[in-house]
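The values are calculated or read from the model by the stated rules, or taken from the named source; none is laboratory data. Computed from a predicted model, the values in this text were never measured in an experiment. FYI the Cβ positions are ideal-geometry reconstructions off the backbone, even for glycines, and counts take in every protein chain you see. Protein only, heavy atoms only, side chains kept; ligands, DNA and RNA dropped before computing areas. Shrake-Rupley method; radii C 1.70, N 1.55, O 1.52, S 1.80 Å.
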Amino acid sequence: MFGRQPTRVQKACAYITRNEGTELLVFQGPDHDGLQIPKGTIEPGESPQAAVCREVAEESGLVVTDPPREVATDRWIRQPGRTYVRHFYHFDVAEPRDEWTHVVTGDGEETGQRFQYFWVALPTNRPFALALDDYLSQLCQELAA
């Protein structure tokens, strides 16, 4: 009997803050309970830094011009046999909108979905989907330093 081959997926995740790092950009997307941040799969031949910039534009509509600052890289197991290598980056933006809806672009499985974006004050105890808040306390400490 043949089992399923283990998979390893590279992901790029964006912590986007504004107002001197006091607010974090989030959305509540379909299929997951809890807050999410812009994120997605790194394409073959793409660097994690390029992927996070592309994912931010596709999923939120924001175009970031400053290079991202790396926060952390980890290995996260969502289910047996499926490991994610997650690259977390931080951007600080001067976005005036308090909330907006963005229709996801690109060619991924979320294309065409509508994400409602808003800001949460940092630090936050609100629940996040997919353990996307794993490095928020580290980010808050770094921003406060």
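Dipole magnitude of the chain about its Cα centre, charges +1 at Lys/Arg Cβ and -1 at Asp/Glu Cβ only, in debye to the nearest 20? Please list the in-between numbers first.
Values: 14 positive and 22 negative charges, 117 e Å.
The calculated dipole for the chain is roughly 560 debye.
Run through every distinct alpha carbon pair of region 1-71 and return the Kirkwood hydrodynamic radius in angstroms, one decimal place.
13.8 Å
Of Thr65, Ala50, Ile77, which is farthest on the positive side of the dipole of region 43-105, counting Cα position, with +1 on Lys and Arg Cβ, -1 on Asp and Glu Cβ, and the Cα centre as origin?
Looking along the dipole axis, the top candidate is Ile77.
Only Cα pairs within less than 10 Å get springs; with that Gaussian network setup on the chain, which residue of Tyr15, Tyr135, Tyr117 has the largest fluctuation?
Per the Cα network of the chain with a 10 Å cutoff, Tyr135 tops the list.
Using all alpha carbons of region 45-145, what is the percent of pairwise distances in each 5 Å bin, ordered from the shortest bin to the longest?
2, 10, 17, 22, 27, 16, 5, 1, 0
Return the FRET efficiency for the residue pair Val9, Ala121: r is the Cβ-Cβ distance, R0 is 25 Å, and the value is rounded to the nearest 0.05.
Details: r = 31 Å, r/R0 = 1.26.
Step by step, r from the Cβ atoms, then E = 0.20.
Considering only DSSP beta bridges with both partners in the chain, what is the antiparallel share in %, to the nearest 5?
Percentage antiparallel, nearest 5: 70.
At 1.4 Å probe size, with no ligands or nucleic acids counted, give the accessible surface of Trp76 in Å², nearest ten.
We get 60 Å² for Trp76.
Relative contact order of the chain, please, whole-number percent, based on alpha carbon pairs below 8 angstrom and at least 6 residues apart.
Reported as a whole number, the value is 31 percent.
Could you sort Ser47, Ser60, Ser137 by accessible area so the largest value comes first, with the probe set to 1.4 Å?
Details: Ser47 50, Ser60 0, Ser137 80 Å².
Heavy-atom accessible area, descending, gives Ser137, Ser47, Ser60.
Which percent of the accessible area of the chain is formed by carbon and sulfur heavy atoms (probe 1.4 angstrom)?
Values: 4050 of 8260 Å².
Ligands and nucleic acids excluded, carbon and sulfur give 49 percent.
What residue among Thr65, Thr124, Thr73 shows peak mean-square fluctuation when the chain is described by a Gaussian network model with Cα springs under 10 Å?
Sorting by GNM fluctuation, first place goes to Thr65.
With a 1.4 Å probe and all protein chains left in place, how much accessible area per residue does region 11-145 have, in Å²?
For region 11-145, the solvent-accessible area averages 52 Å² per residue.
If you build a Gaussian network model of the chain, linking Cα atoms that sit under 10 Å apart, which residue out of Arg18, Arg78, Arg86 swings the most?
Highest fluctuation of the listed residues: Arg78.
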